[in-house]
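Visitor: Right, I'll just put the structure down here and ask away after.
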Amino acid sequence: MPELPEVETTKEGIKLHLEGQTISRICVHNPRLRIPVPDRINELCAGKKILAITRRAKYILIQLSQGHLLIHLGMSGHLRMVELSSIPQKHDHITVALNNNLLLRFYDPRRFGLFLYIDKNPYKHPLLAHLGKEPLSEEFNGHYLFQKGKNKNKPIKSFIMDNKIVVGVGNIYATESLFLAKIHPSTPTKILSEETQLKLAKHIKEVLQQAIACGGTTLKDFYSFDGKPGYFSISLKVYGRKNQPCMQCQHPIASVILGGRNSTFCPKCQKQDP
């Protein structure tokens, strides 16, 4: 599933081609996404100018001269820019035609994504209204994590993956951040000191920034706006490396199930408190 670095990479890529352009038309090839594409989306958007492209959590917001488009890539989706003559592929569900003779295509084989029109303040929409802090913002820090988690018995891995606490820290990035902070993923959040949370917040920011610089992580489905994969996968230290030697101590990487997800860690570098 595309997480914050992949969505940020996509947002920055399409921004170069979309901002300042006008939507000529929107063609819906298949409206059956996680939330059905609105029937009147072409009528609502055709002729509108694109003013800005932003991101909130894993959502891309396209601000129009009237209203917004809200896009989520789901489990397997991506956006790409193509020439006007490009023929839609099998899983290209939406085409946005622009006045610069380029097309924005929304591709989503598993159809867990969404493509909506919002006529009012998008940040009050139910999908966005209750989201947590942006991990790369100044408001997200160790003090914030400590205050939010000091009474929580939830495992720290599950805690930092909770979108009501902090957004966009998916399985890959939570796993890597906890390894760098030398925290066992099963550790109850409430026993972590503020000093430890400060260290964890620092590593979350570092991991996400490095992933963005690499264009995200491609393990299976994700490709950026230009069709290129993300290269952070070659920097992964523990994620997906079960039974392989730890890059720091050579101890075999282990795994534990947390919240239904497989979580890899190094038992020697990330010792669990008794």
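The values are calculated or read from the model by the stated rules, or taken from the named source; none is laboratory data. Predicted, not measured: the structure shown is a model, and the values here were computed from it. Cβ: placed from backbone, ideal geometry, glycine included. Neighbour counts: every protein chain shown.
Visitor: Looking at (1) among the hydrophobic types (A, V, I, L, M, F, W, C); (2) in a strand (DSSP E or B); (3) free of Cβ contacts under 8 Å to residues at least 24 places away in the same chain, can you tell me which one I87 breaks?
Guide: (2)
Visitor: Search segment 35-49 for residues being in contact (Cβ under 8 Å) with a residue 40 or more places away in the chain and surrounded by 15 or more Cβ atoms within 10 Å (Cβ to Cβ), and hand back the single one that is farthest from V7 (Cα to Cα).
Guide: Of everything passing the filter in segment 35-49, L44 is farthest from V7 (Cα to Cα).
Visitor: With (1) in contact with a helix residue (DSSP H, G or I) (Cβ under 9 Å, 6 or more places away or on another chain); (2) of a type in the set (A, V, I, L, M, F, W, C); (3) assigned to a strand (DSSP E or B) as the list, and A97 as the residue in question, which single condition is left unmet?
Guide: (1)
Visitor: For segment 120-145, give me the residue count where each residue is of a type outside the set (A, V, I, L, M, F, W, C), outside any helix (DSSP H, G or I) and within 18 Å of I71 (Cα to Cα).
Guide: 6
Visitor: Sticking with this structure for a sec: Given the conditions (1) assigned to a loop (DSSP other than H, G, I, E, B); (2) of a type in the set (D, E, K, R); (3) in the same structural domain as H203 (by TED's automatic domain parsing), report the number of the one that K148 does not fulfil.
Guide: Tallying (1) assigned to a loop (DSSP other than H, G, I, E, B); (2) of a type in the set (D, E, K, R); (3) in the same structural domain as H203 (by TED's automatic domain parsing), K148 fails exactly one: (1).
Visitor: Taking Q66 as meeting all but one of (1) over 28 Å from H130 (Cβ atoms); (2) surrounded by fewer than 19 Cβ atoms within 10 Å (Cβ to Cβ); (3) at pLDDT 95 or above, write down the number of the exception.
Guide: Going through the list (1) over 28 Å from H130 (Cβ atoms); (2) surrounded by fewer than 19 Cβ atoms within 10 Å (Cβ to Cβ); (3) at pLDDT 95 or above, Q66 breaks only (1).
Visitor: Oh, and also: Checking the condition closer than 27 Å to E206 by Cα, free of Cβ contacts under 8 Å to residues at least 40 places away in the same chain and surrounded by fewer than 20 Cβ atoms within 10 Å (Cβ to Cβ), which residue from K152, K124 passes? Give the steps one after another, and end with the answer.
Guide: Details: K124 fails: closer than 27 Å to E206 by Cα.
On inspection, the qualifying residue turns out to be K152.
Visitor: Follow-up. Among (1) at pLDDT 95 or above; (2) not in a strand (DSSP E or B), where does Y117 come up short?
Guide: Tallying (1) at pLDDT 95 or above; (2) not in a strand (DSSP E or B), Y117 fails exactly one: (2).
Visitor: Oh, and also: Could you run through segment 171-201 and say how many residues are in contact (Cβ under 8 Å) with a residue 60 or more places away in the chain and either part of a loop (DSSP other than H, G, I, E, B) or in contact with a Leu (Cβ under 8 Å, 6 or more places away or on another chain) (or both)?
Guide: Going through segment 171-201 one residue at a time, the tally reaches 11.
Visitor: To continue, here is another question. Select from segment 162-200 the residues that are of a type in the set (A, V, I, L, M, F, W, C) and more than 16 Å from F265 (Cα to Cα) and write down the one among them that is surrounded by the fewest Cβ atoms within 10 Å (Cβ to Cβ). Please lay out each step first, then the result.
Guide: As a first pass, look at segment 162-200 and keep what is of a type in the set (A, V, I, L, M, F, W, C): 165-167, 169, 172, 174, 178-181, 183, 191-192, 198, 200.
Now narrow it down to the ones that are more than 16 Å from F265 (Cα to Cα): 165-167, 169, 191-192, 198.
Details: I165: 22, V166: 26, V167: 24, V169: 26, I191: 12, L192: 23, L198: 15.
Filtering segment 162-200 for residues that are of a type in the set (A, V, I, L, M, F, W, C) and more than 16 Å from F265 (Cα to Cα), the one surrounded by the fewest Cβ atoms within 10 Å (Cβ to Cβ) comes out as I191.
Visitor: Against the definition (under 25 Å from the mean Cα position of the chain (by Cα) and surrounded by fewer than 20 Cβ atoms within 10 Å (Cβ to Cβ)), how does K58 come out, yes or no? Quick ask: steps written out before the conclusion?
Guide: Numbers: under 25 Å from the mean Cα position of the chain (by Cα): yes; surrounded by fewer than 20 Cβ atoms within 10 Å (Cβ to Cβ): no.
Spelling it out, it is not the case that K58 is under 25 Å from the mean Cα position of the chain (by Cα) and surrounded by fewer than 20 Cβ atoms within 10 Å (Cβ to Cβ).
Visitor: Inside segment 138-166, can you point out the residues that are under 20 Å from A57 (Cβ atoms) and among the polar types (S, T, N, Q)?
Guide: Once the filter is applied, which keeps residues that are under 20 Å from A57 (Cβ atoms) and among the polar types (S, T, N, Q), segment 138-166 yields N141, S158, N163.
Visitor: Now a separate question. Sort out which residues of segment 26-51 are assigned to a loop (DSSP other than H, G, I, E, B) and touching a Leu at 6+ places or on another chain (Cβ under 8 Å), and write them in order of number.
Guide: Filtering segment 26-51 for residues assigned to a loop (DSSP other than H, G, I, E, B) gives 29-40, 46-48.
Residues satisfying the conditions are L33, R34, I35, V37, P38, K48.
Visitor: Of the residues in segment 234-270, how many are under 19 Å from the mean Cα position of the chain (by Cα), surrounded by 13 or more Cβ atoms within 10 Å (Cβ to Cβ) and hydrophobic (A, V, I, L, M, F, W, C)?
Guide: So the answer is 1.
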